[in-house]
Amino acid sequence: MKLLEDRIREEGTVKPGDVLKVDAFLNHQCDVALFDAMGEEWARLFEGTQIDKILTIEASGIGIACVAARHFGNVPVVFAKKAQSINLDGDQYSTSIYSFTKQKEFPVIVAKKFLNEGEHVLIIDDFLANGNALNGLLKICETAGVVVEGFGIAVEKGFQGGGDALRNRGYRVESLANVRTMDAETGSIEFN
Ligand code: 5GP
């Protein structure tokens, strides 16, 4: 999506450790008009696909998922919560996710009542790097027995392989910007 790629080129910064900072419009300050255009584009890409619910993960996924939901008939948005500890009371699906940016493992939970067997779910997130976050959400979806129709990703860092691993498993992954290379020293960013 040219609009997003241009914005990343203009305002994104490349940090050491393969981290792309886009906090001017996506991760801290939010450009809602851009989110709206992203939602419109995902709706175009997934046109004709049954989507009953959008699933994301806090925190940065929530804003883009909620704006996107407006383009999917106002379907509910459920976000996986990062928990302090896993409370095994039987009311929650839980899994553990390794965080690329924080470099540690953390538990995430979704209340069972918000994911119903047989529902068709679109998973949305801001970044796809190695795929740990999305694989955690997939595990929860598998346990819940929902149908994962695909993934809507704002920025995929293609060189980290998480997206292609999901595609090789047969999942539909629609990334609006897919970074082929980026360089912290020169600041250059190239897209697929
Ligand atoms: P993964 O689990 O696919 O390795 O990483 C995805 C998660 O890590 C995203 O939800 C995002 O929060 C964070 N992340 C990974 N790479 C980046 C990055 O380059 N920039 C930012 N801002 N977040 C990232």
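The values are calculated or read from the model by the stated rules, or taken from the named source; none is laboratory data. All values derive from a computational prediction rather than experimental measurement. Note that we place each Cβ from the backbone using ideal geometry, even for glycine, and neighbour counts take in every protein chain shown. We work out accessible area using only protein heavy atoms, side chains counted, and drop any ligands, DNA or RNA first. Shrake-Rupley method; radii C 1.70, N 1.55, O 1.52, S 1.80 Å.
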Kindly indicate which of Y98, Y93 is part of a strand (DSSP E or B) and within 11 Å of the ligand (Cβ to nearest atom).
-> Y98
Select from the stretch 27-44 the residues that are over 14 Å from the mean Cα position of the chain (by Cα) and surrounded by 14 or more Cβ atoms within 10 Å (Cβ to Cβ) and list them in ascending order.
-> C30, D31, L34, D36, A37, E40, E41, A43
Residue match in the stretch 78-89 (condition: over 17 Å from the mean Cα position of the chain (by Cα) and farther than 23 Å from G145 by Cα) | yes
Mind checking which residues of the stretch 137-148 are within 12 Å of the ligand (Cβ to nearest atom) and either surrounded by fewer than 22 Cβ atoms within 10 Å (Cβ to Cβ) or more than 29 Å from I8 (Cβ to Cβ) (or both)?
-> L138
Which residues, counting only those in the stretch 79-90, are among the hydrophobic types (A, V, I, L, M, F, W, C) and either away from the ligand (no atom under 16 Å from the Cβ) or free of Cβ contacts under 8 Å to residues at least 40 places away in the same chain (or both)?
-> F79, A83, I86, L88
Residue set I109, I123; condition within 12 Å of the ligand (Cβ to nearest atom) and among the hydrophobic types (A, V, I, L, M, F, W, C); output residue I123
In the stretch 149-160, residue surrounded by the most Cβ atoms within 10 Å (Cβ to Cβ) [restricted to those that are among the small types (G, A, S), in a strand (DSSP E or B) and more than 10 Å from the ligand (Cβ to nearest atom)] | G152
Is it the case that the stretch 170-177 has a residue that's of a type in the set (S, T, N, Q) and surrounded by fewer than 20 Cβ atoms within 10 Å (Cβ to Cβ)?
-> no
Checked G118, G163 against criteria (outside any strand (DSSP E or B), within 14 Å of the ligand (Cβ to nearest atom) and either free of Cβ contacts under 8 Å to residues at least 12 places away in the same chain or touching a strand residue (DSSP E or B) at 6+ places or on another chain (Cβ under 8 Å) (or both)); the one match is G163
Consider only pairs whose beta carbons are under 7 Å apart and that are at least six residues apart or on different chains; among these, list those whose first residue lies in the stretch 132-148 and is assigned to a helix (DSSP H, G or I) and whose second residue is of a type in the set (F, W, Y).
-> N132/Y98; N132/F100; L134/F151; I140/Y93; T143/Y93; A144/Y93
Looking only at the stretch 50-89, which residues are open to solvent by less than 40 Å² (accessible area, probe 1.4 Å) and over 17 Å from L137 (Cα atoms)?
-> G63, V67, A68, A69, F72, V75
Evaluate the following for L134: is it under 26 Å from A43 (Cα atoms), open to solvent by less than 30 Å² (accessible area, probe 1.4 Å), within 14 Å of the ligand (Cβ to nearest atom) and out of contact with any Lys or Arg (no Cβ under 9 Å at 6 or more places or on another chain)?
-> yes
